[in-house]
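Please read the structure below before turning to the comments.
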């Protein structure tokens, strides 16, 4: 088995990555179950172990911070209720802001978005996606959630745009997957009927896209 870091399966980095992957798979198999501490632990550990991996491999401190904040957000979102949702939203909002700073420091500046047609096309698609999602959510959520969701949409759009200033396909791909995951999560939570049979596959897809995004961003920094 080919592992991304030197030292084989006994190396701390590879063992931590495997731990993260196992936790992610365990959580995926518990998606249809009622919230429990074990289920929350699996979800939280999946990305928390990526933060540990980034620290072990001497990754940027901002990467470690963004992953750690995401793990806190996962802990909140593994529970039910509006307070837990808002806690998760706040955690991921700060995580996205940290990612924006990290990507901008690693990239070639916002001028690149207009300098190359492929970057401009992806940036335009991201902006349209964010506007459409915000418009759809604005009509369906309560007044108390509108401003927090609008701020969050702006933050994840900024995260996607800032990733486009880099030339690392892992980072750009991770940002795109992150936006797709969040869009699908919002659709499943607010736009799809509570009794819809689509909720089952949507929840699995949200998790798969999200974890792949975090893993891609992590490896994009650690393996370059």
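Just a few scattered comments:
- Residue 92 closer than 28 Å to residue 192 by Cα and under 19 Å from the mean Cα position of the chain (by Cα): yes
- Selected residue (criterion: modelled with the highest pLDDT) from residues of region 149-194 that are outside any helix (DSSP H, G or I) and over 14 Å from residue 119 (Cα atoms): 192
- Qualifying residue in region 23-31 (condition: under 17 Å from residue 174 (Cα atoms) and in a helix (DSSP H, G or I)): yes
- Yes/no for residue 20 being under 30 Å from residue 144 (Cα atoms) and either in contact with a helix residue (DSSP H, G or I) (Cβ under 7 Å, 6 or more places away or on another chain) or free of Cβ contacts under 8 Å to residues at least 24 places away in the same chain (or both): no
- Restricting attention to region 127-143, the residues that are part of a helix (DSSP H, G or I) and over 19 Å from residue 158 (Cα atoms) total 5.
- In the set (1) modelled with pLDDT of 95 or more; (2) within 18 Å of residue 152 (Cβ to Cβ), the condition left unmet by residue 21 is number (2).
- Among the residues of region 42-81, not one is outside any helix (DSSP H, G or I) and surrounded by 21 or more Cβ atoms within 10 Å (Cβ to Cβ).
The values are calculated or read from the model by the stated rules, or taken from the named source; none is laboratory data. Source: prediction; values computed, not measured. Ideal geometry is used to build each Cβ from the backbone, glycine not excepted, and the neighbour counts take in all protein chains shown.
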